[in-house]
Structure formats: structure tokens, C-alpha cells
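Here the structure comes first, spelled out in C-alpha cells, and everything after it is commentary.
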Amino acid sequence: MNSRNSTSPATIQDVARRAGVSISTVSNVLNGREARMRAETLERVRNAITELEFRPNQSARRLKTGHMAMIGLLVPSIANPFFGALARWVEEVANTRGYGVLLCNTQRSAEREQAYAQAFMAQGVRGVILGSALQAQEHLAPLIRQGLAVVSIDRTAQHAPLTMDYVSLDNYRAGAIAAEHLIALGHRDIVYVSAPLRSLNRGIRLQGARDTCTKAGVHFEALVRDVTPGQTEMEMAELGRTCGLELQASQISATGFIAMNDMLAIGLMSGLRQGGLRIPADVSVIGIDDMFLGRYFSPALSTVRQPMKDIATAAVERVLARMANTGEPAHELVFLPELIQRESTAARGPV
């Protein structure tokens with residue numbers, strides 16, 4: 001192992017020596033030019049960057065290239081733990097590639113999304129990961145034409161003709177898995193609870209659950225509720241609690257409930273319990289995402305898991321590849337969900 005002065009920051013020369021490669025090879029890794037590099041060489045360089053805690057000199061880099069070794073990450077709200085987890089994985093993966101991450105909250109506003117993306121470009125940031133899955137993305141077209149590399153999480157290429165990459169959970173299958181689970185437990189009256197369908201993934205999850213119930217001959221209803229005045233869309237737990245109270249007050253006969261995501265499911269369980277229902281003795285509740293908090297609630301939340309680390313890794317790798325070659329055709333990567341059964345779902349009791 002090569003030695004160096006541990007009190008001074010590592011340089012690109014230190015990384016090259018540690019990895020046993022040329023300085024230009026390290027530079028190629030730092031700038032996302034990895035397409036023709038051997039996997040073994042790429043791994044050595046990345047390991048050296050991590051071991052030496054190497055961080056590129058952003059000022060010198062920008063003077064030389066006009067760009068910063070940063071990636072923009074736009075999410076609806078970091079107040080939602082799901083997006084906090086996504087940001088954590090994106091940052092971890094980006095750091096191993098020699099990049100930092102700039103995080104902004106858009107509140108699912110196309111105007112804010114566009115404004116932040118423009119600000120990123122003005123500061124020399126050439127790549128952005130989107131986490132909002134808005135219904136339309138045409139507001140980003142001018143920036144993409146100007147050279148902004150964009151990767152969109154949680155939507156598919158068929159819904160937008162823009163030249164960007166797409167990394168997504170199979171949201172249709174996620175909704176279907178949740179419905180299949182409740183049906184297998186004997187539930188024949190199921191309600192799907194959702195926040196406003198302002199993003200594509202929400203509508204697709206709902207459709208997957210609906211189609212599955214229809215095919216099985218199971219009664220299905222969807223309760224889609226907007227936010228109340230003064231309540232942000234990200235306050236999912238409170239929205240779920242409100243829906244639970246509403247459902248209980250209406251004296252519905254449903255015994256199985258699917259929530260659009262885990263935060264909504266946690267609030268939904270609170271509202272149903274407040275209304276006098278026992279979970280899972282009277283009704284079963286399942287969410288989607290596998291937010292880490294879900295396993296610590298009582299009862300622990302059954303859910304449909306997203307492979308968060310894999311999705312974040314793919315998003316970072318694709319945005320770096322697109323930054324290196326903006327002329328690439330659109331790529332699409334779809335990840336499969338997984339059922340995680342815990343305590344909030346159980347076989348339907350005798351009627």
C-alpha cells in the first residue's frame with residue numbers, strides 16, 4: 001500500500017497510485033466516462049476513491065471544465081421518510097463515484113422543478129435525478145436540449161417522449177401484489193386508499209390493485225382524497241388517519257385495505273383503530289414501499305417492498321452515463337416489488 005501524508009487531502013495522483021492506474025483513468029471515472037472501462041479497473045478506482053476519501057477540487061474542476069462534480073436530486077418533500085431514504089442511497093452511491101448531491105424539495109410542482117433544474121445548470125451541475133413522477137415533464141424539454149442529463153425515478157418511458165432515462169418500480173405489479181395478498185387471506189371486500197393521483201406511479205398502483213380484484217371477482221372500491229386547506233400533500237399520515245375515520249364512520253363492510261404508500265397506511269391504521277376497529281382481528285391493512293419505520297409500529301406493517309438501494313444505484317449510474325454522452329437513446333430499467341408480510345394483515349375471520 002502506498003503511503004501519503006494523512007493530514008492533507010488525497011489528490012487524484014494518490015487515487016491513481018492506490019488503484020495502479022493512470023491519472024487519465026481516474027479522471028474518466030470522475031467524469032462518468034466508464035463505458036469502455038474494464039469492470040476490474042473501475043472497481044479498483046472506486047475502491048481507491050472510497051479508501052482515500054478523495055473529493056475533487058470543485059473550483060479547479062469548474063474552471064477547467066465549466067462543470068461541477070455534483071448531481072441534482074429533486075424530490076417532492078424530504079419530510080416524507082421515503083424520500084429521505086432515497087436521498088441517503090443516492091448520496092452514498094454518488095459519493096463512491098466522486099460526486100456530491102444537491103437536494104431540493106419540489107412539492108410536486110412543475111414550476112419549482114423547472115426552476116431548480118435551471119438553477120442547477122446555472123451553477124454548472126449537468127445531471128439531475130427526478131423523484132416526483134409528475135404526469136407531464138415537457139417543462140424540462142428546453143433544459144434537456146441545452147445539455148442537462150435527466151433520469152426520472154418511478155415512471156416509465158412510454159409516458160414521456162423526452163430523451164431521458166427512466167428507473168422505476170413495477171408499480172402496476174406492486175398494486176397487484178398487495179391485492180393478491182389480501183385475496184389469498186380470504187378478503188372479498190377491499191378498499192384502496194390514495195392521495196390525489198398527481199403522479200403516474202399512484203394511478204398505476206391503483207390500476208394494478210383494481211384489475212387484480214376484478215379478475216378475482218372481489219368487490220373493490222377506491223377512496224381518493226385530496227389534501228385539506230393548509231395541509232401539504234406530503235402529510236400522508238394525517239391524510240391516512242382522516243380517511244380511516246371517514247371509512248369507519250360510513251360503516252363500510254370492507255375487511256381489506258390497501259394504502260397507496262406506507263405513510264398513508266400508518267395513518268390509515270390509526271384512523272381505523274380510533275374508530276374502534278382492531279388490526280388485524282377485524283380488518284387487514286397493507287402499504288407499499290417498505291419504509292423502515294413500518295416494521296416498528298404495532299402491529300408491524302405488511303407492505304410491498306421497493307428495492308431502494310438498487311433503484312438509487314441505477315439512477316446514479318444512468319445520470320453519470322448520460323452526462324458523459326447526452327446523445328444516448330433513452331434507457332429504461334424496471335425493478336420488481338416484493339411482498340413483506342408482517343402483523344397488520346391476517347386471514348379473514350368468520351363472518
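The values are calculated or read from the model by the stated rules, or taken from the named source; none is laboratory data. Model, not experiment: these values are computed from the prediction. Methodologically, a virtual Cβ is constructed for each residue, glycine included, from the backbone with ideal geometry; neighbour enumeration extends over all protein chains shown. Ligands, DNA and RNA are excluded from the accessible area calculation, which covers all protein heavy atoms including side chains. Shrake-Rupley method; radii C 1.70, N 1.55, O 1.52, S 1.80 Å.
Brief remarks follow.
- More than 13 Å apart - percent of Cα-Cα pairs taken over the stretch 168-213: 50 percent
- Counting only protein heavy atoms and a 1.4 Å probe, the stretch 293-351 has 51 square angstrom of accessible area per residue.
- Two-decimal Rg to Rh for the stretch 271-351 - Kirkwood Rh, Cα set: 1.24
- Mean separation of Cα pairs under 8 Å and 6 or more residues apart, divided by the residue count, gives the chain a relative contact order of 17 percent.
- Once the chain from Glu138 to Asp282 is taken as fully extended at 0.36 nm per residue, the excess over their C-alpha distance is 47.2 nm.
- The stretch 119-184 - Kirkwood radius from inverse mean 1/r over Cα pairs (Å): 13.5 Å
- Within the shell defined by Cβ-Cβ distances under 10 Å, the residues around Ala312 carry a net charge of -2, with Lys and Arg each +1 and Asp and Glu each -1.
- Applying 1/(1 + (r/R0)^6) with r as the Cβ-Cβ distance of Val224 and Ala39 and R0 = 45 angstrom yields a FRET efficiency of 0.45.
- Heavy-atom surface of the stretch 91-220, accessible at 1.4 Å and reported per residue (Å²): 36 Å²
- Residue-averaged [θ]222 nm for the chain, counting only DSSP H segments that reach four residues, each worth -39500 (n - 2.57): -13000 deg cm²/dmol
- Cα gyration tensor shape for the stretch 69-228, rounded if a/c is under 1.5, else prolate or oblate: prolate
- Of (1) 21.5, 70; (2) 20.4, 66; (3) 22.9, 74, the label for Rg and Dmax of the Cα atoms in Å derived from the coordinates: (3)
- Global geometry of the stretch 172-252, whether rounded, prolate or oblate, following the gyration tensor of its Cα atoms and the 1.5 cut on a/c: oblate
- Across the stretch 126-217, C-alpha contacts under 8 Å between residues 6 or more apart give a mean separation that, scaled by the residue count, equals a relative contact order of 30 percent.
- Estimated distance in nm for a label pair at Thr50 and Ser109, the labels positioned 7 Å out from Cα along Cα-to-Cβ: 3.9 nm
- With all protein chains in place and a 1.4 Å probe, the accessible surface of the chain carries 51 percent carbon and sulfur.
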